[in-house]
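Please read the structure below before turning to the comments.
The values are calculated or read from the model by the stated rules, or taken from the named source; none is laboratory data. Just so we're clear, the structure is a prediction, and the values are computed from it rather than from any experiment. Please note: Cβ atoms are built from the backbone with ideal geometry, for glycine as well, and neighbour counts cover all protein chains shown.
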């Protein structure tokens, strides 16, 4: 149970961390002839980061009710989303000015490699590294889910189709009594 809670929480944290990091400034720069600091967020530097991070949060939610086989499929998906987040972030880390070249072109009107020559100062913030760490965490947790996800306790009888057929033959149990009350029936009406 503890592995399940830590894994689900970790996947949600990885997705939320990716969303939070992407909303922060990743690249700051100044152009030649100006003293204005231009800041570009992670989502603006690479628009695909948001959908990947949101998909991680959705996978964490889906894992709460998934069966053993589907958990492993979702674990593989989480690992792949983590790899995607790492790749998207690594592109920005490897070439910060290349990632913001569109913004530089907007400001200068110069396109191509000549636009980055107009930059006199640039800085990559720590938020890009936070996004990279969130991707690594997602990959590791995806692998944990693939290996251990089949052993987790199921979501409960409410989501188990086989559980409804295996109701006690001789009478009712507490859960079915509550279900009967929810349906408007009195489970004690037959007891006298």
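Data overview
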{"read-out": "Among (1) modelled with pLDDT of 95 or more; (2) under 15 Å from residue 147 (Cα atoms); (3) surrounded by fewer than 18 Cβ atoms within 10 Å (Cβ to Cβ) - the single one residue 57 does not satisfy", "value": "(2)"}
{"read-out": "Selection count, the stretch 137-169, where residues are in a loop (DSSP other than H, G, I, E, B), surrounded by 12 or more Cβ atoms within 10 Å (Cβ to Cβ) and at pLDDT 55 or above", "value": "3"}
{"read-out": "Residue within the stretch 113-122 that is in a helix (DSSP H, G or I) and in contact (Cβ under 8 Å) with a residue 60 or more places away in the chain present", "value": "no"}
{"read-out": "Residue within the stretch 8-22 that is assigned to a strand (DSSP E or B) and under 23 Å from residue 84 (Cα atoms) present", "value": "no"}
{"read-out": "Unmet requirement for residue 125, which otherwise passes all of (1) surrounded by fewer than 16 Cβ atoms within 10 Å (Cβ to Cβ); (2) at pLDDT 85 or above; (3) under 31 Å from the mean Cα position of the chain (by Cα)", "value": "(1)"}
{"read-out": "Leading residue by the ranking (farthest from the chain's Cα centre (by Cα)) among those in the stretch 38-62 that are closer than 13 Å to residue 124 by Cα and free of Cβ contacts under 8 Å to residues at least 40 places away in the same chain", "value": "39"}
{"read-out": "Yes/no for residue 132 being under 19 Å from the mean Cα position of the chain (by Cα), surrounded by fewer than 17 Cβ atoms within 10 Å (Cβ to Cβ) and either modelled with pLDDT of 55 or more or farther than 30 Å from residue 37 by Cα (or both)", "value": "no"}
{"read-out": "Qualifying positions in the stretch 63-85 - buried (at least 18 other Cβ atoms within 10 Å of the Cβ) and free of Cβ contacts under 8 Å to residues at least 60 places away in the same chain", "value": "84"}
{"read-out": "Residue in the stretch 57-74 that is over 21 Å from residue 137 (Cβ atoms) and in contact with a helix residue (DSSP H, G or I) (Cβ under 7 Å, 6 or more places away or on another chain) present", "value": "yes"}
